[in-house]
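Asks: Sharing a structure, written as C-alpha cells. Questions coming.
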Amino acid sequence: MASDDDVVLIHDGVRPLINEELISKNIEAVKKYGTAITAEAVRESVVRSHNGADIDDVPPREQMYVAKAPQSFRYGEIAKLYEAAKHDEIKSIDSAHLCSLYRVPMHIVMSTKNNIKITEPADFYIYRALYEAVEGQQIFGL
C-alpha cells in the first residue's frame, strides 16, 4: 500500500522514450515543490478559439508550454484530487488538467526533446528514427 508521502509518476504508454534523467527530475521536483508536470515550450504560435472558426486571442509564445508525461505527485494529494473529481463528476483529460480545475499549484519540469507521443502512424516513424539514433549512439559510442 502506498503512503500519502510516496512520490508517484503518472506516465502513458504512448511516450516510450522516457529516460532516467526525466524520471529523476520529476521525483526531485515533487520532493521540493509537491508537483511536477513535464512540459515543453511551444515552438509555434498558439491561438485560442471558442467557436473553432474565429481566433479570440494569441497568447505570448514565451508563456505557452505543452503538458506531457510523466506528471508526478505525492500519492495522497493526487488520490484526493481523483476522489474529489469522482465525487464532483468531473471528467479530466489528465492529472495536470485536474490540478488546474482544482487550482492546485503545479511546477514545470522541462521535457527532454525526444519525449514524443505516438498517436498516429506518422508518429511511429519519427519514434523509430529517434530510437535507432539512440541505439546507434549506445552501440557505436557516437
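Asks: Hey, can you tell me all the residues within region 83-102 that are within 17 Å of the chain's Cα centre (by Cα) and surrounded by fewer than 19 Cβ atoms within 10 Å (Cβ to Cβ)?
Replies: Matches in region 83-102: 92, 93, 94, 97, 100, 101.
Asks: Scan region 28-64 for residues that are exposed (fewer than 12 other Cβ atoms within 10 Å of the Cβ) and aliphatic (A, V, I, L, M) and jot them down.
Replies: Passing the criteria: 47, 53, 55, 58.
Asks: A follow-up question, please. Could you say which residue among 105, 70 is surrounded by 11 or more Cβ atoms within 10 Å (Cβ to Cβ), under 23 Å from residue 4 (Cα atoms), of a type outside the set (Lys, Arg) and in contact with a helix residue (DSSP H, G or I) (Cβ under 9 Å, 6 or more places away or on another chain)?
Replies: 70
Asks: Can you give me the number of residues within region 95-112 that are without any contact (Cβ under 8 Å) to a residue 40 or more places away in the chain and not in a helix (DSSP H, G or I)?
Replies: Of the residues in that region, 2 qualify.
Asks: Return only the number of the condition from (1) out of contact with any helix residue (DSSP H, G or I) (no Cβ under 8 Å at 6 or more places or on another chain); (2) among the acidic types (Asp, Glu); (3) more than 29 Å from residue 130 (Cβ to Cβ) that residue 6 does not satisfy.
Replies: (1)
Asks: Any residue that is at pLDDT 95 or above and among the polar types (S, T, N, Q) - is there at least one of those in region 10-29?
Replies: yes
Asks: If you go through region 12-45 one residue at a time, how many are assigned to a strand (DSSP E or B) and more than 30 Å from residue 125 (Cα to Cα)?
Replies: Going through region 12-45 one residue at a time, the tally reaches 1.
Asks: A further question follows. For residue 77, indicate whether it is in contact (Cβ under 8 Å) with a residue 12 or more places away in the chain, in a loop (DSSP other than H, G, I, E, B) and acidic (Asp, Glu).
Replies: No; evaluated as a whole, the condition is false for this residue.
The values are calculated or read from the model by the stated rules, or taken from the named source; none is laboratory data. Treat the numbers as computed from the prediction; the structure is a model and nothing was measured. Note that each Cβ is placed from the backbone with ideal geometry, even for glycine, and that neighbours are counted across all protein chains shown.
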